[in-house]
Structures are given as structure tokens and as C-alpha cells.
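Just so it is clear, none of the values below were taken in a lab; they were calculated from the coordinates. Keep in mind that what you see is a predicted model, and the values were worked out from it rather than measured. Here Cβ is always computed from backbone atoms with ideal geometry, including for glycine, and neighbour counts include all displayed protein chains.
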Amino acid sequence: MAAKRLVGESCSDPDEPNEKRMRPRPSFASVIGQAVMVNCLCTALEPVVRKVVNEEVEHSLRHRLASFSRSPSLRIQAPESSTLQLIFPKGLSLPIFTGSKIMDEESNQLQVLLVDTRGDPMVPVPLSNPIKVDIIVLDGDFPSGDGNNWTSEEFDKNIVRERTGKRPLLTGELAVTVRDGVASIGEIEFTDNSSWIRSRKFRIGAKVAQGSFEGVRIREAMTEAFVVKDHRGVLYKKHHPPMLGDEVWRLEKIGKDGKFHKKLSSEGVNTVQDFLKMSVVDPGKLRRILGLGMSEKMWDVTIKHAKTCVMGNKLYVFRGSNYTIFLNPICQLMKAEINGSIYPTHNLNNINRAYLKNLVRQAYANWSSLEEIEGISNEIGLLTQGDQMVDQYPNHQQIMMRSFQQNAYLTDGSIQGYMPNEMQAEGSNWQISQTYLNPPIENGIRLNILESNSNDDLTSPRSFITGG
């Protein structure tokens, strides 16, 4: 039996093929050495690769820029300083309520103008083509600081949008076309008040619509800041000026359904006309009705507002057996004819004034039965008359209105022969201004005179006669 060969002998047998021999494994040190060599190679090649890449990129960029410069339509131009601007030429009619049409201060449609700030700021500048303009809402606090310097980006950031779940804040014609430098804005209105933003105010702005104009920047327009009130407030709005037929609470310091309103209504003073008539005939009573709750300052404000009332041109006639007096709508004496004679209403003594006062009070008490006639259409209301003469009616059958000063009269003789018996007691001292006598006197000249003092004081004891 043959002896087994040792393992060592079989491994060293020269007759076995080389590929069948076991390959030696690389040592750890040799692996580390190879890695270090590769890293050194990359480090050495990096500057060369970076240089080649940079050269190729620069070459490509030069080629691209050369193609841009050859095409005029693709050239990049530096921005130019703009002098074109949109403006609102007139202010807004205030106050503004939700649901109410927004108008300018002259109750006309709003307009937008395109102007050149280098020239007349109110002269429109026409462009070769129309441009579209958007109407938007701005925060009332914008712009801060210098009010004339803002960028388009700042303008856009301050546009106010509607509250979540609400309708668009501004509705109506919000896109207009500017032709020949002018555009009229149709009906626009707010749907929400301004109380919910920090400034509590809005502005209306105008900006060129995107893509509408290619060229220099056209600066945006904006109005002054204003408050938008809820539409319920319009029901309690004061009227400026008030009308005779307005309810009395339309006057300043008299609130609707407030204590002053209730006190006046209980005494039959329901309209502005009622208020003014009582202020002329019996100002003391009117003051007592309002009571101590209305201070003197409040009273002055109310009376001043009432005195701006539109008087109209109606006259009210109160007739008796030997007299006819003509009153304006607030019970001021405009003309008196007694026994067909002249009745001057200036420089009266107490008895004569008392006689007229009685007639005016009777007319006031019977106001609903007075005859109403049309006066001259251009008649000026007594409450707004100043110190200078207003001579609108040149002949004797028309009304003359004149403010008097006590030292301004030229006198010439008595006119006892033209006075009714009731006036004879102290009539011998009466004098009449020569200005009002046109000889010859025939059948009793009908003289129409109005006196008022320079302060338009309705509380004067002479108010029922003079309007002063």
C-alpha cells in the first residue's frame, strides 16, 4: 500500500499547473499605499482640469454675448428715469359709505390723468397708443416718510385685498383705458368698511396694467387717505347744506331719536324749516326746548349749520283788512304794505316794532293758511346775506334787500301821512332814507326793505322783522 503524500509535498510539486496554485493576498500596507498614490494623482490633475473647464466656459459665454450684441431686439437697456405719472386731479367727495358710488369733490365721476412732472402737472400727456389702467385699494398708511418716493414693488405690497370670505373690496369699473392722457372711471363702490385694518383708512390707487405699456415706468396715482363707513351710517348723515324739508336731526348736534330730537318733535319742530322759523320768531322758546343739555358751543354749531340752509325763492303772504306782509320761508319779513302806504322796517320805535311783531307772530301761528307765491329765482337767502347791499329788485313792486348801518341813513322829513293810525303815536319822529323815495309819490309807494345786522344773529329781538 502506497504511503500517503504529505500536504507540503503536494503543494510544492513542480509538476502541477501554475494557475492551480493559490494566489497570494495583498497586504493591508499595499492597499493603503495604492490609495495614497491615486489621491496624489487627482490632486495633481485638478488644476489642469479646472483650467480647461474655465477656458471652455469663457469661450462659450463670449460666443453667446456676441450673438446678443448682433441682435438689436435683444439688447439690454439701462432703466431710464421716468417723469410720467398718473394722478387723480380732484379730491374725493367725503364721507364715503359702503355701497355708495364714489364721486369727486364736485360730484362728478373720478378721472385719471397721465401727466409729465416736468411740465404743468394738470395737463394730460397723450401717448401714441392707449394704455390700460387698474384701479385698486391701498393701505391708508402708505407711503410712509417721503410721500413722493416709492417703487412699483412697494406699491404692489400695499394693495389691500378683501377679508377672507368677503366680496371683492372694491367693485365696479376697475379697469379703464387712458386715451389722450385722460380716463373717466365709471361707477365704483366699496363693499367693506375700513375699520379692520391698522390705519383704519384706505386710499384709491391707479397703476398701469401689466403688459399694457412697454417703455419707461409710469408712476402710480393715489388719493388722500380716507375712512370708509358702513352704509348704515348714511341713514344718519348730516346734510351740508341742509334743505328746508330735511328732518331736524339732519342739523349738527341733533342726533336722530336723541334727546334734542325728541324734545323738538314734542313741540312740533320736525323739520329744518320749523327750527329756523322758531329761531326767528321766538328764539328764547327754542332755546328753552333744547334745555341746558345743549351748551352754548353746541347751540352755536347748530345755528351756524342751519343758517347755511338753501332758502329757495318762495314767499308767504299774510293778509288782513288793512295790511299785507310778505315773509320768506323762515318767517323773516321781506315786505310790508299797510293801508297802501310805505312801511319802512329800519329805525323803528318800540310801538311801531311791536305792531309789526304782532303781525309776524300772527302769520307764524297761521302758517299753514298763508298764501304761497313764487319769488324771484335768484333771490339770496337772508341767512347768508352779508353787510353789503344786495339790490336785486330795482322797481317798487319787487323785493329789495339791504343791510344797514345805523349811521348810514339820509333823512328827509316825516311820512306821517303814509302811516296807519296804529303807528301815529310816535310817528312824528320817523325818518325815512332818501334812497328809498322816488318822487313823485303816487298812491302810496310800495317799498320793500330788509334789514339785517352784520352778524346774522338769529337770537336778536329784531329777528322777526329784520333777519338780523
Ratio to report: Rg/Rh of the range 77-225, with Cα atoms as the point set and Rh obtained by the Kirkwood method; give two decimals. 0.95
So how far apart, in nm, are the two label points at E46 and S295 if each is 7 Å from Cα heading toward Cβ? 8.5 nm
Proximal lysines to K357, defined as alpha-carbon separation beneath 20 angstrom and excluding residues fewer than eight positions away on the same chain: K277, K285, K335
What is the packing order of peptides 303-313, 48-58, taking the mean over residues of other C-beta atoms within 10 Å and listing the highest first? 303-313, 48-58
Which whole-number value in Å³ per residue fits the convex hull of the alpha carbons of the range 173-246? 166 Å³
Explain nothing, just the number: dipole magnitude of the range 115-186 about its Cα centre with +1 on each Lys and Arg Cβ and -1 on each Asp and Glu Cβ, in debye rounded to the nearest 20. 360 debye
Please report the net charge: other residues with Cβ closer than 12 Å to the Cβ of I289, K and R +1, D and E -1. +3
Remind me, relative contact order of the range 197-238 in percent, using alpha carbon pairs under 8 angstrom and six or more residues apart? 46 percent
Charge tally for neighbours of K90 with beta carbon under 9 Å away, counting Lys, Arg as +1 and Asp, Glu as -1, is -3
Cα convex hull volume per residue for the range 255-312 (Å³): 83 Å³
Provide, as a two-decimal number, the C-alpha radius of gyration of the range 206-361 over 2.2 N^0.38 Å, N being how many residues it has. 1.61
Would you mind giving the three semi-axes, in whole Å and largest first, of the ellipsoid equivalent to the range 192-288 according to its Cα gyration tensor? 47, 15, 10
Approximate spin-label separation R200-K285, in nm, with each point projected 7 Å along Cα-to-Cβ: 4.3 nm
Can you give me the distance in nm between label points at S93 and E187, each placed 7 Å from the Cα along the Cα-to-Cβ direction? 1.4 nm
